[in-house]
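Accompanying notes for the structure given below.
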Amino acid sequence: MRSLRYLLVVSALSLYAAPASPTFHRDIEPILQNRCQGCHRPGEAAPMALLTYEQTRPWAKAIRAAIATGKMPPWQADPRYGKFTNDLSLTPAEKSKLLAWIDEGSPEGDSADAPKPRTFPQGGWRIPQPDAVFEMPTEFEVPAKGAIDYQYIAVNTNFKEDKWVQMAEVRPGDPSVVHHAIVVVDQHDGSYDEQYLGGYSPGATPQMWKPSQARLVKAGATLIFQMHYSANGKPARDRTRIGLVFARQPVTEQIAAMQALGLGLKIPPGAMNYRLDAQVKMSRDARLVAMRPHMHLRGKSFQFRAVYPNGDTEILLDIPKFDFNWQPYYYLETPKLLPRGTVIECTAYFDNSANNPFNPDPTATVVWGPQTWDEMMIGWLDVAVPAPGSAPLPALRGALR
Ligand code: HEC
């Protein structure tokens, strides 16, 4: 009898016992693979690799601080508005596992529990192995000091036929001197202006659309690399590339880039909360697939809203604390139907006071300009419209309500 009771107590205890402490291989490695290794591996933007236990262990304290403060993973969107496919933020469960693992001494655990190492395409691409890669024909020599004019470098695609590009990734040769790079397409057909194809900026994610969506690059098109270099104190060389993945299945929606531009920008010296608005109107029915705010060092916050033809307003993306170092495209999980006549409104705030630690000169009146000490306000949009020969978008009015 006594032994039976003892048994019952023991089994009840083990049922209700706290779960075993998290271990690196069983609990932490999968999180690092999904949330951190995209950047924390050799050749990427982050300063250290987090691929193995040996690499991760010494950073435990720093990781604790970075995730507790929300600095890592870098993700600025207010979670109340919009769901994004490239959301890097940790789930509450992932966050508490990481914190518990660190607080309990960061045990390694059994390597037999480890997930398979994550594999990355050759050449460091974040997109799958590209079908075509174009690079600047020669290295650009970046001087150690001084402002450098924008460079425009043309590269022929030599495409013999039209190509549908489903993914595009711009990779700087030397990220320490590439402030940003934009690749636009000159289609040589007179019907379009130059079309945005892909870009790199700090924290950028590659351009990746759904399998039936793509950008059109016409036969014979020329790619133009717009390179903005910033000197970093040492002479450097850069040769930036763009990798393209072509659509594998029929394309029903064509992706086009649009922008809301805050050209009237003029920020008085010391202004702490300078507001600027910009807008762009949909001239046809379209689906919004992605948004990207762009500002420089005085940028403080940025919001995208849709004002529908019936007057309803909806917040699409809100960045309450803009960080110049992180300017990704935000890809909507569910594309948003924008009937013709919808206005996309953007509102930005700037801080030109001495309280802004990034402000290069609080005494300056700041106007629009390309260099980091000038300012910009661009609300980039990627929209999808029916590809030539495809059916029009589904009835928009019904879908909206
Ligand atoms: C989108 C790219 C990206 C992702 C994803 C990312 N990091 Fe980072 N991380 C960086 C870069 C770049 C830096 C260095 C710049 C900086 O400190 O702001 C950095 C710095 C850090 C630092 C040093 C912070 C400091 O204060 O010096 C830690 C620790 C860190 N990351 C941990 C993580 C962890 C843990 C994850 C995943 C949960 C993660 N990072 C995800 C890019 C990334």
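When each of the peptides 306-312, 293-299 is scored by the mean number of other C-beta atoms lying within 10 Å of its residues, the order from highest to lowest reads 293-299, 306-312. Comparing Ala77, Pro172, Ile127 along the charge dipole axis of the chain, the residue lying farthest to the positive side is Ala77, per the Cβ-charge model. Electrostatic tally near Leu297: other residues with Cβ closer than 12 Å to its Cβ, Lys and Arg +1, Asp and Glu -1, net -3. Positive contributions from Lys and Arg (+1) and negative ones from Asp and Glu (-1), summed over other residues with Cβ under 15 Å from the Cβ of Leu90, come out at +1.
Any chance you could check the Cα centroid distance between region 276-351 and region 355-384 for me, in angstrom? That distance is 17 Å.
Ranking Ser21, Gly105, Gln37 by how far each Cα lies toward the positive end of the dipole of region 18-116 (charges on Cβ) leaves Gln37 at the top. The equivalent ellipsoid that matches the C-alpha gyration tensor of the chain spans semi-axes of 40, 27, 25 angstrom, in descending order. Placing +1 on each Lys and Arg Cβ and -1 on each Asp and Glu Cβ, with no other charges, gives the chain a dipole about its Cα centre of roughly 960 debye.
Calculated [222 nm] ellipticity per residue, helices only, for the chain: -3500 deg cm²/dmol; basis is -39500 (n - 2.57) per DSSP H run with n ≥ 4, divided by all residues, nearest 500.
Karplus-based coupling profile of region 316-321, in residue order and whole Hz: 9, 7, 10, 10, x, 10, with θ = phi - 60° in 6.51 cos²θ - 1.76 cosθ + 1.60 and x standing for Gly or Pro. Summary of the geometry: region 214-235 and region 66-123, compared by the centres of their Cα atoms, lie 32 Å apart. At a probe radius of 1.4 angstrom, the accessible area of region 124-250 per residue rounds to 45 square angstrom.
Taking packing as the residue-averaged number of other Cβ atoms within 10 angstrom, the listed peptides 123-133, 279-289 run from highest to lowest as 279-289, 123-133.
What part of the accessible area of the chain, given as a whole %, is carbon or sulfur when the probe is 1.4 angstrom? It would help to have the intermediate numbers written out before the result.
Working: 11060 of 20140 Å².
Result for the chain: 55 percent of the exposed heavy-atom area is carbon or sulfur.
Spread over its residues, the convex hull of the C-alpha atoms of region 18-116 is 117 Å³ per residue.
The values are calculated or read from the model by the stated rules, or taken from the named source; none is laboratory data. Remember, it's a predicted structure, so these values are computed and weren't measured experimentally. In this analysis, Cβ positions are derived from the backbone assuming ideal geometry, glycine residues included, and neighbour counts consider all displayed protein chains. Accessible surface is based on the protein model in full, side chains and every heavy atom, while ligands, DNA and RNA are left aside. Shrake-Rupley method; radii C 1.70, N 1.55, O 1.52, S 1.80 Å.
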